[in-house]
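Chemist: To start, I am sharing the structure in question, which I have written as structure tokens.
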Amino acid sequence: MQRVVIVTGANSGIGLALCERLLTEDSQLRLCLACRNTQRAEAARSALLTSHTNAHVDLLHLDVGSVQSVFTAAQEVKARYSRIDFLYLNAGIMPNPQVDVKAFFKGLFSRNVINMFATAEGLLTQQDRLNSDGLQEVFATNLFGHFLLIRELEPLLCQAGHTSRIVWTSSSNARRSAFSIEDMQHRNGTEPYSSSKYASDTLSLALNRHKNNQGLFSAVICPGLVMTNLTYGILPSFFWTLIMPIMWLHWLFLQKSESLDPRAKYHSLTSGLGTNYTQPRKMDIDDEMSEVLYSKLLDLERVVRGEANEGNAANKLINST
Ligand SMILES: NC(=O)C1=CN([C@@H]2O[C@H](COP(=O)(O)OP(=O)(O)OC[C@H]3O[C@@H](n4cnc5c(N)ncnc54)[C@H](OP(=O)(O)O)[C@@H]3O)[C@@H](O)[C@H]2O)C=CC1
Ligand SMILES: CC(C)=CCC[C@@H](C)[C@H]1CC[C@H]2C3=C(CC[C@]12C)[C@@]1(C)CCC(=O)[C@@H](C)[C@@H]1CC3
């Protein structure tokens, strides 16, 4: 049977590379690129069709950072497909990143150097802002829009006798200490990216607990450090070329193959000999917090649904979450 796969943020970087790979693995796929920019989405579709001439590649307009756009896109998906096999939640932003150069040099000569290069702990801050729905933009894009999309697509994702999978593109930058359940949108901090990625790890656990019995499974992957628009937004390309030799420090791991574990994040790594492999690492998450986050997201969902029906957004949302 033709499998249906939806990828958010599919027009560039990791999302586009993933689509290439998916079509290489299964040329019969029905692949749907869910993107906010129609022109870039069309360019990505053309590029994919150049290398996979007979592929079925659909486009879907989706701004995952906009509640209304998620609702409209989900309606469209329900009209087009009768089920979804894979939903890759890949779209993500890191707006206005700032690197703490002093902390970098301090870290360079500390015992934490390897971890610093792998996770950017203590090095990266971002400037977030409110979007037109009155939500913090990073939270809305990296987490909440995807959560709403899952909720809207549940009829296609949770079908008797059929298994569907959700795959989150998380990050090794996800850190428990950057996330607070009292401030899940990260209004009061300077690491919204880290917070949103930690929240997606935590939400994945809750989704498994609530939805496995309905045939829906969620997994978290961590692509490592990949040269994309996101990383070029942090520092220019020549810098990345300069630090490449140091990044080799991370590439000295051995290959392991295991089945997907809901408490593990799947890290993409490269061995010293240049072999690519995946290594599962336990996530620093707990059941209780994942449960609270899940119910807070459901509360917020109720608020935005009310808002969407009334057609008026910002203020109530800001005050209620
Ligand atoms: N690069 C890296 O080293 C790492 C990346 N990641 C994660 O990988 C994912 C992909 O990022 P990457 O490929 O690196 O970066 P890119 O900037 O190349 O890709 C991000 C994609 O997300 C899309 N996107 C952003 N905001 C929205 C939105 N509101 N609605 C719909 N689509 C949106 C972008 O679309 P548009 O072109 O319109 O902006 C783009 O297609 C992200 O979740 C990121 O956090 C995780 C760890 C490391
Ligand atoms: C300005 C100077 C001299 C050095 C700064 C180095 C950092 C910019 C760099 C080192 C490790 C990098 C890193 C990321 C961003 C840039 C670094 C902090 C990420 C946070 C990018 C996005 C991700 O999701 C992570 C997996 C990356 C982890 C490593």
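The values are calculated or read from the model by the stated rules, or taken from the named source; none is laboratory data. None of the values given here were measured: they were computed from a predicted structure. All Cβ positions, even for glycine, are placed from backbone atoms using ideal geometry, and neighbour counts span all protein chains on display. Heads up: the accessible areas ignore ligands, DNA and RNA and are worked out on the full protein's heavy atoms, side chains in. Shrake-Rupley method; radii C 1.70, N 1.55, O 1.52, S 1.80 Å.
Chemist: Within segment 13-25, how many residues are in contact with a strand residue (DSSP E or B) (Cβ under 9 Å, 6 or more places away or on another chain) and more than 15 Å from ligand 2 (Cβ to nearest atom)?
Modeler: Qualifying residue count for the region: 5.
Chemist: Tell me which residues, restricted to segment 135-156, are over 30 Å from Asn213 (Cα atoms) and in contact with a Ser or Thr (Cβ under 9 Å, 6 or more places away or on another chain).
Modeler: Of everything in segment 135-156, those that are over 30 Å from Asn213 (Cα atoms) and in contact with a Ser or Thr (Cβ under 9 Å, 6 or more places away or on another chain) turn out to be Leu135, Gln136, Val138.
Chemist: Residues to consider are Arg111, Arg151; find the one that is open to solvent by 20 Å² or more (accessible area, probe 1.4 Å), more than 16 Å from ligand 2 (Cβ to nearest atom) and modelled with pLDDT of 95 or more.
Modeler: Being open to solvent by 20 Å² or more (accessible area, probe 1.4 Å), more than 16 Å from ligand 2 (Cβ to nearest atom) and modelled with pLDDT of 95 or more holds for just one of Arg111, Arg151, which is Arg151.
Chemist: Hey, does segment 288-305 have a residue that's at pLDDT below 90, open to solvent by less than 60 Å² (accessible area, probe 1.4 Å) and touching a Phe, Trp or Tyr at 6+ places or on another chain (Cβ under 7 Å)?
Modeler: No, the conditions are met nowhere in segment 288-305.
Chemist: Might you check whether a residue that is assigned to a loop (DSSP other than H, G, I, E, B) and in contact with a strand residue (DSSP E or B) (Cβ under 9 Å, 6 or more places away or on another chain) occurs anywhere in segment 114-123?
Modeler: yes
Chemist: Between a residue in segment 7-19 that is over 12 Å from Arg36 (Cβ atoms) and part of a helix (DSSP H, G or I) and any residue that is open to solvent by 40 Å² or more (accessible area, probe 1.4 Å) and within 15 Å of ligand 2 (Cβ to nearest atom), which pairs come within a Cβ distance under 9 Å, given they are 6 or more apart or on different chains?
Modeler: Filtered contacts from segment 7-19: Gly13/Val226; Gly13/Met227; Gly13/Asn229; Gly13/Leu230; Ile14/Val226; Ile14/Leu230; Ala17/Val226.
Chemist: OK, next. Say we look at segment 170-189 and pick out the residues that are of a type outside the set (D, E, K, R) and not in a loop (DSSP other than H, G, I, E, B); which of these is farthest from ligand 1 (Cβ to nearest atom)?
Modeler: Among residues in segment 170-189 that are of a type outside the set (D, E, K, R) and not in a loop (DSSP other than H, G, I, E, B), the one farthest from ligand 1 (Cβ to nearest atom) is Ile181.
Chemist: Given the residues Ser132, Ser195, which is the only one that is more than 11 Å from ligand 1 (Cβ to nearest atom), within 16 Å of the chain's Cα centre (by Cα) and hydroxyl-bearing (Ser, Thr, Tyr)?
Modeler: Just one listed residue meets the conditions, Ser195.
Quick grid of which residues meet (1) at pLDDT 95 or above; (2) closer than 27 Å to Thr24 by Cβ; (3) away from ligand 2 (no atom under 13 Å from the Cβ); (4) among the polar types (S, T, N, Q):
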{"residue": "Ala41", "(1), (2), (3), (4)": "yes, yes, yes, no"}
{"residue": "Asp58", "(1), (2), (3), (4)": "yes, yes, yes, no"}
{"residue": "His61", "(1), (2), (3), (4)": "yes, yes, yes, no"}
{"residue": "Val64", "(1), (2), (3), (4)": "yes, yes, yes, no"}
{"residue": "Gln68", "(1), (2), (3), (4)": "yes, no, yes, yes"}
{"residue": "Asp85", "(1), (2), (3), (4)": "yes, yes, yes, no"}
{"residue": "Phe117", "(1), (2), (3), (4)": "no, no, no, no"}
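Let's see how each residue does on (1) of a type in the set (Asp, Glu); (2) open to solvent by 30 Å² or more (accessible area, probe 1.4 Å); (3) within 21 Å of the chain's Cα centre (by Cα):
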residue	(1), (2), (3)
His52	no, yes, no
Val64	no, no, yes
Thr72	no, yes, yes
Val77	no, no, yes
Ser82	no, yes, no
Leu87	no, no, yes
Ala91	no, no, yes
Pro95	no, no, yes
Val101	no, yes, no
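Chemist: Among the residues of segment 180-222, write down those that are within 23 Å of Asp261 (Cβ to Cβ), open to solvent by 30 Å² or more (accessible area, probe 1.4 Å) and either in contact with a Leu (Cβ under 9 Å, 6 or more places away or on another chain) or among the basic types (Lys, Arg) (or both).
Modeler: Passing the criteria: Arg209, His210, Gln214, Phe217.
Chemist: Among the residues of segment 172-195 satisfying the criterion of being free of Cβ contacts under 8 Å to residues at least 60 places away in the same chain and of a type in the set (S, T, N, Q), which is nearest to ligand 2 (Cβ to nearest atom)?
Modeler: Asn173
Chemist: Which one of these is of a type outside the set (Ser, Thr, Tyr) and in contact (Cβ under 8 Å) with a residue 40 or more places away in the chain: Ala79, Ala74, Ala55?
Modeler: Sole residue among the options that is of a type outside the set (Ser, Thr, Tyr) and in contact (Cβ under 8 Å) with a residue 40 or more places away in the chain: Ala74.
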